[in-house]
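Readers should treat all values here as calculations from the given coordinates under stated rules, not as data from a laboratory. The structure presented is a predicted model; accordingly, all values stated were derived computationally and were not measured. When we count neighbours, we look across all protein chains shown, and the Cβ atoms used for this are built from the backbone with ideal geometry, even at glycine.
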Amino acid sequence: MQPSHLARQLDVYNEERRALETEVQEAAMRQAEAQAADNPHLLFLAGAGWHPGVIGIVAGRLKERYQRPVCVIALENGVGKASGRSVAGLHLGQAVIAAREAGLVLKGGGHAMAAGFEVKEEQLGALQAFIAARFKDDLDGTPLMPTLLVDGALQARAASPDLIATLESLAPFGAGNGGAALRLPPRSAWRWPTSSAATTCAAC
């Protein structure tokens with residue numbers, strides 16, 4: 001196979017994967033918006049026909065958006081294959097293992113920040129209630145607070161188009177190579193033109 005043909009084929013596969021991600025994420029986000037106000041400790045988002053290969057990515061994105069644990073479940077023939085992502089302080093893997101021991105999941109496990117499991121569709125409500133109650137006890141009345149991990153601090157005078165260009169040269173960003181997050185002094189804001197569009201930055 002010629003390298004050019006292989007590259008084109010990879011582009012096709014990547015486009016198909018991105019389309020699947022978008023489809024599942026949009027459907028899951030509609031559910032999340034409907035659930036968020038009433039489920040402060042955990043979101044369970046399930047759909048038939050969702051591709052199991054992208055549910056982990058979607059769970060991670062929605063966990064960041066809603067700042068609480070999120071489980072995304074692909075349903076097929078009455079069984080859900082789930083991937084979950086959690087936040088600091090709430091051990092999702094232990095919760096899934098406890099649910100397995102309680103007979104609420106068919107199989108599953110994980111670690112503090114991520115877990116996977118299989119569950120019968122009719123058990124979804126009971127499982128969500130079980131894990132949410134466990135997380136509520138773990139928090140003991142303390143509300144979940146959004147967190148932002150930064151890579152370093154930056155003075156406003158050090159921010160420049162050259163710095164942005166240097167950071168962008170580290171792309172592509174993704175799993176294992178996240179974009180840089182820099183903390184700026186309070187009340188700092190600036191704007192400058194770039195080759196593509198104006199960029200605005202402010203203190204976090």
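Details
- Distance (nanometres) between label positions extended 7 Å along Cα→Cβ at Glu15 and Lys136: 4.8 nm
- Computed magnitude of the charge dipole of the stretch 1-137 (debye, nearest 20; Cβ of K, R +1, Cβ of D, E -1): 360 debye
- Radius of gyration and Dmax over the Cα atoms of the stretch 3-139, both given in Å: 15.6, 56
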